[in-house]
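The values are calculated or read from the model by the stated rules, or taken from the named source; none is laboratory data. This structure is a prediction, so every number in the text was calculated from the model and none was measured. We place every Cβ from the backbone using ideal geometry, glycine too, and count neighbours over all the protein chains shown. We work out accessible area using only protein heavy atoms, side chains counted, and drop any ligands, DNA or RNA first. Shrake-Rupley method; radii C 1.70, N 1.55, O 1.52, S 1.80 Å.
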Amino acid sequence: MPNSKTSYDVIIIGAGVAGCSLAHALASTPRKEPLRIALVERSLEEPDRIVGELLQPGGVMSLQQLGLEHCLEEIDSIPVHGYCVTEKEKIVHIPYPAGHKGRSFHHGKFITNLRNAAKKAKGVDVIEATVNDLIESDQRIIGVAATKKNATDNEKISLYAHLVIVADGCFSNFRTKVMGPRVCNPVTKSYFVGVILNDATLPYQYHGTVCLTESAGPVLLYQIGTHDTRMLVDVKAPVPSDLKSHILEKVVPQIPSALRTSVTEALQEGNLRKMPNSFLPSVMQGGNEFGTKEGVFLVGDAWNMRHPLTGGGMTVAFNDIVILRDTLAQVGDFSHWDEIREGLRRWHWDRKSLASTVNILSVALYDLFGANEHNLEVLRTGCFKYFELGGECVNGPVSLLAAIIQSPATLFYHFFSVAFYSIWVMFTHPRLLERGPGSKPRLIAPSLAQYPFLFVKAIIVLWTAILVFVPLLWTEIRWWSPDDKNARATVLFRYGMPVAALATVAFGAFRLTI
């Protein structure tokens, strides 16, 4: 039995990106009576992770709204001015518009700064302990049972609060208990294998680099320190037993030649680390009618995840905390669950403009960039050439990626612009044709005789684009339980797909006439 009892207004489980920023935000909100907040983390040592190292401009702006922008300083962080995408030796530059910039850094150093900010916030107790269980009474969570780190005799403590917030990350131990039968399990799309390069020369300094490869998935590189550059290689399951050989043989020959020496040296000297790339759609929280517990809710990666290819995770988290801070500021007493429940409803939808844009874009872009299926490869080629057009064909997509524009409708516009432009490219652009051993490859444009075949293929490519985008959109706009598979499937395929298909065809016809 616990031998120590302490009461708080709020207990936050997990001192990561979401937990630290939320503790600081709640402590900084003006109230008649200052809140007492317990921030519980199993280990306060500097974490060492291979993700959570790039913050998009939209995330920087949210961090400024939280008064935490100083956490980006004195950690050797690097300004990020945009991206470039490479395909073999071809490079397209994708700068952030209007002088916006993000930041990249070593994850552990940034988290340490966030934790220090939380420690300095008035009314926040940072407790180093492992939460073993949630304490429940009359169908409501009223606290946590924990074991203090390095305590004599494994000292057990019980912490009590009107509100418990779970922010224990992608491998959450409490997701199932909080969500109950409505729990939505993360879907692992692939894995990122990470290594640090020393003094690497990127195609564009202070830019993230995405290298497109054939049959090996995308490769992401970005500088995280004066001398350190992170490389993340996408690997699909089943993961090769010899990852170093896989990367050297399948990936290195397809990245820009200026990077190959640095990558080879890093693979020979460094330790490869692996992290799952998971997708977890958000689900409404707030009480028994949703199947969730009272007195508790989830934030951060414990509740909502997207593919890390676009580096949008921390941006979504900080934006969530900004909105949640303002929502909970309207709740006078955290023991009144009806007020919190109504606030959670508003928060769920208020965050959608940014979160849905980032979530959909991350998975859709990964499906295109990691394509192994021919129709998706057509879309990937079209996407690369769409960027080459420049102007709004670059500014629009990168503004969505950077969370400067928060609009699923704008994302829909550019995604299907890419789809129809991919079809145009397929009909009009020459393709490389290899006639056999010893003969020189030639660029040959499609002939009129091939048009009937290409027309059929165009329909399949368009349908493939719909199958990529619409289900992702559906995970963001649905309102009922994710375990209600029959209802979801009925609406999606009976109504959603045909409507989306007709809207898309109409949109494409309009685009081709202008």
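Under 30 Å between alpha carbons: how many lysine pairs meet that in segment 1-137, if sequence neighbours fewer than 8 apart on the same chain are excluded?
15
What is the gain in length, in nm to one decimal, between Tyr160 and Tyr451 on full extension, counting 0.36 nm per residue of separation less the C-alpha to C-alpha distance? Show your work: numbers first, answer last.
On the way: separation 291, 0.36 × 291 = 104.76 nm, distance 6.98 nm.
That pair, Tyr160 and Tyr451, stretches by 97.8 nm at full extension.
What is the percent carbon and sulfur in the accessible area of segment 48-155, measuring with a 1.4 Å probe over the protein chains and ignoring ligands?
45 percent
Rounded to the nearest 20 debye, what is the charge dipole size of segment 1-130 about its Cα centre when +1 sits on each Lys and Arg Cβ and -1 on each Asp and Glu Cβ? It would help to have the intermediate numbers written out before the result.
Working: 15 positive and 15 negative charges, 83 e Å.
Result for segment 1-130 is approximately 400 debye, rounded to the nearest 20.
Using a Förster distance of 22 Å, how high is the FRET efficiency between Asp48 and Ser257, based on the Cβ-Cβ distance and rounded to 0.05? The partial results should precede the final answer.
Working: r = 31 Å, r/R0 = 1.40.
Once the sixth-power term is evaluated, E becomes 0.10.
Calculated from DSSP H runs of 4 or more alone, at -39500 (n - 2.57) each and per residue, what is the 222 nm mean residue ellipticity of the chain, nearest 500? Numbers along the way, then the final one.
On the way: 15 runs with 201 residues, N = 514.
Dividing the helical sum by the residues of the chain leaves -12500 deg cm²/dmol.
If you roll a 1.4 Å probe over the heavy atoms of the protein chains, what accessible area per residue do you get for segment 1-157, in Å²?
Details: 7200 Å² over 157 residues.
Each residue of segment 1-157 exposes 46 Å² on average to a 1.4 Å probe.
If only Cα atoms are counted, what is the Rg of segment 154-205, and what is its Dmax, in Å?
Values for segment 154-205 (Cα only, Rg and Dmax): 19.7, 53 Å.
Probe radius 1.4 Å, ligands and nucleic acids ignored: give me the carbon and sulfur share of the accessible area of segment 279-400 as a rounded percent.
On segment 279-400, the fraction of accessible area on carbon and sulfur atoms equals 50 percent.
Give the residue from Asn277, Ala317, Ala258 lying farthest towards the positive end of the charge dipole for segment 218-340; charges sit on Cβ (+1 for Lys and Arg, -1 for Asp and Glu) and the dipole is referred to the Cα centre.
It is Ala258.
What FRET efficiency comes out for the pair Ala409/Glu373, r = Cβ-Cβ distance, R0 = 41 Å, nearest 0.05? Please report the intermediate quantities before stating the final value.
Values: r = 27 Å, r/R0 = 0.66.
Efficiency, rounded to the nearest 0.05: 0.90.
Any chance you could run the full-extension gain for Ala237 through Thr188? It's 0.36 nm times the residue separation minus the Cα-Cα distance, nm to one decimal. Let's see the in-between values first.
Details: separation 49, 0.36 × 49 = 17.64 nm, distance 0.92 nm.
Net length gain for the segment: 16.7 nm.
Using C-alpha positions alone, give me the convex hull volume of the chain per residue in cubic angstrom. Before the final figure, lay out the partial values.
Numbers: hull volume 85.9 nm³, N = 514.
Spread over its residues, the Cα hull of the chain gives 167 Å³ apiece.
Please list, in order along segment 200-213, the HN-Hα scalar couplings obtained from phi with the Karplus expression 6.51 cos²θ - 1.76 cosθ + 1.60 (θ = phi - 60°), rounded to whole Hz, x for Gly and Pro.
Result, rounded to whole Hz: 6, 9, 7, x, 10, 5, 6, 10, x, 10, 10, 9, 8, 10.
Counting only residues 5 or more places away or on other chains, whose amide H sits under 5 Å from the amide H of Ile404 once H atoms are built in the peptide plane?
The answer is Gly58.
With respect to the cross-link table entries Lys149/Lys274; Lys156/Lys189; Lys148/Lys177; Lys352/Lys457, which display a Cα-Cα separation exceeding 29 Å?
Numbers: Lys149/Lys274 27 Å; Lys156/Lys189 38 Å; Lys148/Lys177 22 Å; Lys352/Lys457 35 Å.
Lys156/Lys189; Lys352/Lys457, as the Cα separations exceed 29 Å there.
Can you give me the relative contact order of segment 107-233 as a percent, contacts being Cα pairs under 8 Å and 6 or more apart? Please list the in-between numbers first.
Details: 144 pairs, mean separation 16.5, N = 127.
Dividing the mean separation by the residue count of segment 107-233 yields 13 percent.
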